[in-house]
Amino acid sequence: MFQEIEKQLIRAFEEQVAAKFGTGIPVSIEQPKQACFGELAIPVAFQLARPLRKAPKQIAETLLAGLERPAAVSAFEIAGNGYINVRLDRGAYAMGLLNPPSANAAGSGEKIIVEHTNINPNKAAHIGHLRNAILGDTFVRMLRHRGHFVEVQNYIDNTGVQVADVVVAFHYLEKKSPAEVQKLIDNPEIRFDYLCWDFYARISALYVQEPDSLRWRAEALHAIEAGEGQVAEMGHLVADAIVRSHVQTMYRLGIEYDVLPRESEILHLKFWATAFELLKKQSAIYLETERKNRGCWVMPASAFRNSESDPDSGNDAEDSKVIVRSNGTVTYVGKDIAYQLWKFGLLGKDFFYRHWSTYPGGHQLWVTSDHAVEENVPQFGRGSKVFNVIDSRQSYLQDVVVAGLRALGFDRAADASVHFSYEMVALSPRTLAQIGVELSEEDKRRAYVEVSGRKGLGVKADDLIDKLIDTALGEVEHRHPEQLAAERQNVARQIAIGALRYFMLKFTRNSVIAFDFQEALSFEGETGPYVQYTAVRAQNILRKYVERFSKLPDFRTCLQQVSLARFFETENFWQLLLLASKSDSAIERAVASGEPAHLAKYAFQLAQAFNNFYHDQRVISEENEERRHILLWLTQYVHSQLVSTLQVLGIDVPEYM
RNA sequence: GGGGGCGUAGCUCAGUCGGAUAGAGCAUCAGCCUUCUAAGCUGAGGGUCACAGGUUCGAUUCCUGUCGCCCCUACCA
């Protein structure tokens, strides 16, 4: 509704500008900072002032002369020295919300691919991974809400160095056979992902102490890439088991995937070999014959640096990116170029697929396979737009991937590749002290310390979720001793997830989060539970109303435009209704800016506005029936907007709190 | 050295295309529960938008420089 009016006004003013001044400029529309200026403001007169050499106020007057008012607009006003402020017809607007036009599907039929999570399958997930997955999942939900067709991919680097390291720990350090590792995996007493977390830290420390042991890594990596022998078998066991825990951990937060493309298939199905030929043929890479990168296939730095390289500083050959090592093995970036090509359907090859698991809701998760094993496999890949949710430290590598596409002549795909980057989650000094980490003098002076898997330094995702649930459960038990234990547990889980998802979303993407337990465990102020609590309050009014009057009235027949117009003359009521009506607009803005944080902020603001209303209005006990009906309708409308916004954020509303 | 990011209230952060009196939350202080749940509401204090120039009707926002912090700059990912 709000968006339609905005679009209508933009069109009307653009026509007016063309008619009156004979120039075409895009008209922008904004929301005044102060409610007393009206609902919308059009600063177009300022834009025109310079080229036309006229006072903005005069231009505004010319534009308004003879302009027909759209139905929902009650007045145009010229304010200040040239703002055109728009006042909406409140009664008509409310009627419009009461009788919404049938929804229009915006979907284009094109597929958008969002790749997120992408955790190395060699240890338990930590809070940094949570930020990735929650950002990615929320962005997916936003796109789907806008009507887009979205495929969610979670890339599994199951043949990489990190998996090799854990295999080294099992094989060389612990002298375990694959069968014994399988036993560990099957043992319900043991958290295998946690065990690997410790092993990874141990082996990483050993590499530093005894650099000789690094040859184990090379051996293991080679064996895993070749895909043969006990070490390779163990690599698969470890990676598959860890992927299962990751999928499960993320499902606790309501995050699901469609397909798990794996590096092992990129290798075995010769995706890389195909991409390699393409890159050579198009001269996107060349065989370096001199200096430090001798014997490697490299991509010249000029391909992925946008600025002209200064001839004085460094030289291009030294800064070029190695794609194939001198020993003939391919780097991660090389494989990523092949993978990115496949996502757009530009590689000329496809994976085979096998069913991996079925989510409780019935959704199927698939994994790539190197041979055909199943029929009725959905079509994966072939996206027209690709979002890679990857932390900002890897932007250099993402630039190389895009440069690869461009060098192959796939400009459209290069343009449609978006590095959806975000800053890391670090740990606050207080939290480090809490988890028993000794800080160096240098670290003590820092505002935060980076998570490090190698050092085993971090907060595990499941531990954090458990802690949040415990905290919430304590509160729920205290407040609702009368409820069943199982239900309380479920409510506590919903609150915990609301707190966690909101916490990860409230920061804009390029802000480093200095994770702090005390902050994350807070359920007050700008938090998920605050918004959930607000929705529960609205829910309670609706429930109690039904208890007292047996059912909700039929608002469409009992509410009249005249009475709505009168009611919404009260500024606070009107502002609440108006804000609640802007949820779609908030989602569109969040999608356009790529900032889920904007939607989180909107949810919080709407909750604040409703809490305000809740505090000084009694709905059920209102004696004037007409007024009661309107208060109730407003409550119901805000509730439904709040619930659907929370749903897009991946946050459930509990039955009670 | 090169590339990128950041610097806004005591702390953590928003701030849309350059626009009207720079906003939240936390913390502090003062109030508000016989009512639809106080995980709430109201109010107060708290700002040289790092600094210096420039662009213009107008700059927290754009440009240049300085200072400080962070990330990247691997034949790791």
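Some points to look at:
- Residues of the stretch A:616-656 that turn out to be within 11 Å of RNA strand B (Cβ to nearest atom), free of Cβ contacts under 8 Å to residues at least 24 places away in the same chain and not charged (D, E, K, R), as a count: 3
- Pick from the stretch A:140-165, criterion in contact with a Leu (Cβ under 8 Å, 6 or more places away or on another chain), under 30 Å from A:TYR200 (Cβ atoms) and of a type outside the set (Gly, Ala, Ser), ranking: surrounded by the fewest Cβ atoms within 10 Å (Cβ to Cβ): A:VAL161
- Some residue of the stretch A:482-502 being modelled with pLDDT under 95, more than 8 Å from RNA strand B (Cβ to nearest atom), in contact with a helix residue (DSSP H, G or I) (Cβ under 6 Å, 6 or more places away or on another chain) and in a helix (DSSP H, G or I): no
- For the stretch A:503-512, the set of residues classified as within 9 Å of RNA strand B (Cβ to nearest atom) and within 15 Å of the chain's Cα centre (by Cα) consists of A:LYS506, A:PHE507, A:THR508, A:ARG509, A:ASN510, A:SER511, listed by residue number.
For (1) farther than 18 Å from A:MET504 by Cβ; (2) among the polar types (S, T, N, Q), each residue gets a yes or a no:
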site: A:ALA92; (1), (2): yes, no
site: A:LEU98; (1), (2): yes, no
site: A:PRO101; (1), (2): yes, no
site: A:HIS129; (1), (2): no, no
site: A:ASN132; (1), (2): no, yes
site: A:ARG146; (1), (2): yes, no
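- Matching option when the condition is closer than 24 Å to A:ASP584 by Cα, of a type in the set (Ser, Thr, Tyr) and not in a loop (DSSP other than H, G, I, E, B), among A:SER108, A:SER74: A:SER74
- When residues of the stretch A:545-572 are limited to those that are part of a helix (DSSP H, G or I) and surrounded by 19 or more Cβ atoms within 10 Å (Cβ to Cβ), the one farthest from RNA strand B (Cβ to nearest atom): A:LEU564
- Being within 8 Å of RNA strand B (Cβ to nearest atom) and in the same structural domain as A:GLN636 (by TED's automatic domain parsing) is true of A:ILE541.
- Restricting the stretch A:7-46 to residues that are of a type in the set (D, E, K, R) and assigned to a loop (DSSP other than H, G, I, E, B), the residue that is farthest from RNA strand B (Cβ to nearest atom): A:GLU39
- Residue within the stretch A:266-280 that is of a type outside the set (Asp, Glu), more than 25 Å from A:ASN154 (Cβ to Cβ) and within 13 Å of RNA strand B (Cβ to nearest atom) present: no
- Taking the criterion of being surrounded by 14 or more Cβ atoms within 10 Å (Cβ to Cβ), within 14 Å of RNA strand B (Cβ to nearest atom), more than 21 Å from the chain's Cα centre (by Cα) and not basic (Lys, Arg), the residues of the stretch A:81-120 that qualify are A:GLY82, A:TYR83, A:ILE84, A:ASN85, A:VAL86.
- The stretch A:408-433 - residue that is out of contact with any helix residue (DSSP H, G or I) (no Cβ under 6 Å at 6 or more places or on another chain) and assigned to a helix (DSSP H, G or I) and, of those, farthest from RNA strand B (Cβ to nearest atom): A:ARG412
- Selection within the stretch A:47-74 - of a type in the set (Ser, Thr, Tyr) and closer than 30 Å to A:ALA565 by Cα: A:SER74
- Residues that are part of a helix (DSSP H, G or I) and buried (at least 21 other Cβ atoms within 10 Å of the Cβ), drawn from the stretch A:362-399: A:GLN398
- Test set (1) more than 12 Å from A:ALA164 (Cα to Cα); (2) modelled with pLDDT under 95 - A:ILE224 fails condition number: (1)
- Residue in the stretch A:518-535 that is within 8 Å of RNA strand B (Cβ to nearest atom), under 24 Å from A:VAL140 (Cβ atoms) and without any contact (Cβ under 8 Å) to a residue 40 or more places away in the chain present: yes
- Being under 11 Å from A:MET657 (Cβ atoms) and of a type in the set (D, E, K, R) holds for only one residue in A:ARG479, A:ARG509, A:ARG493, A:ARG501, and it is A:ARG479.
The values are calculated or read from the model by the stated rules, or taken from the named source; none is laboratory data. All values derive from a computational prediction rather than experimental measurement. With ideal geometry, Cβ positions are generated from the backbone for all residues, glycine too; neighbour counts draw on all protein chains shown.
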